[in-house]
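Please treat every number below as a calculation from the coordinates, not as lab data. Because the structure is a prediction, the values reported are computed rather than measured. Positions of Cβ are backbone-derived with ideal geometry, glycine not excepted, and every protein chain shown enters the neighbour counts.
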Amino acid sequence: MDNPANLRYTASHEWLRPEADGSATVGITFHAQDALGELVYVELPEVGRQLAQGESCVVVESTKAASDVYAPVAGEVLEVNPALAEAPQTVNESPFDKGWLFRMRPSEPAQIDALLDAAAYAAGPGAG
């Protein structure tokens, strides 16, 4: 699956989509969910939580392992994806759309510019 060009990526396989209102939507990449296998549980952050860039903020559990998901940028959690409580496999089925994890308000928007673009992610961490 191609990595959408409108997203930014981290070396640890998170994606971030800047939104028109200044917020950002965060999820994990196709590569990440594929490596994990079918997700059976997702532990999401509390709304209002302040995150530091690189801080562990989500735990995804699959039939293979549990894995941390890290905040791609610093900011406040605005919303979590309610569908994942009942259907964590949505992340597997639609990692870049319906399987988003949380929305946040970046406190340092310049951090977004330092994330990988789709080509850099595909050539590096997402190449596997």
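Tally the residues that are touching a residue at least 60 places away in the same chain (Cβ under 8 Å) and hydrophobic (A, V, I, L, M, F, W, C), restricting the search to region 5-47. Of the residues in region 5-47, 11 are touching a residue at least 60 places away in the same chain (Cβ under 8 Å) and hydrophobic (A, V, I, L, M, F, W, C). As an exercise: evaluate residue 96 against (1) touching a residue at least 40 places away in the same chain (Cβ under 8 Å); (2) assigned to a loop (DSSP other than H, G, I, E, B); (3) out of contact with any Leu (no Cβ under 8 Å at 6 or more places or on another chain); (4) within 18 Å of residue 2 (Cα to Cα) and give the number of the one condition it does not meet. Result: residue 96 passes all but (3).
It is to be established whether one or more residues within region 51-67 are in a helix (DSSP H, G or I), touching a Gly at 6+ places or on another chain (Cβ under 9 Å) and of a type in the set (A, V, I, L, M, F, W, C). So far as region 51-67 goes, no, none of its residues is in a helix (DSSP H, G or I), touching a Gly at 6+ places or on another chain (Cβ under 9 Å) and of a type in the set (A, V, I, L, M, F, W, C).
If you take the residues in region 10-47 that are assigned to a strand (DSSP E or B) and of a type in the set (Phe, Trp, Tyr), which one is farthest from residue 96 (Cα to Cα)? Walk me through how you get there before you give the answer.
Step one: filter region 10-47 for residues assigned to a strand (DSSP E or B), giving 14-18, 24-28, 39-43.
If we keep only those that are of a type in the set (Phe, Trp, Tyr) too, we end up with 15, 41.
Details: 15: 8, 41: 18 Å.
It comes out as 41.
For first residues located in region 116-128 and surrounded by fewer than 17 Cβ atoms within 10 Å (Cβ to Cβ), partners that are aromatic (Phe, Trp, Tyr) and lie 6+ apart or on another chain with Cβ distances below 8 Å form the pairs 117/9; 120/9.
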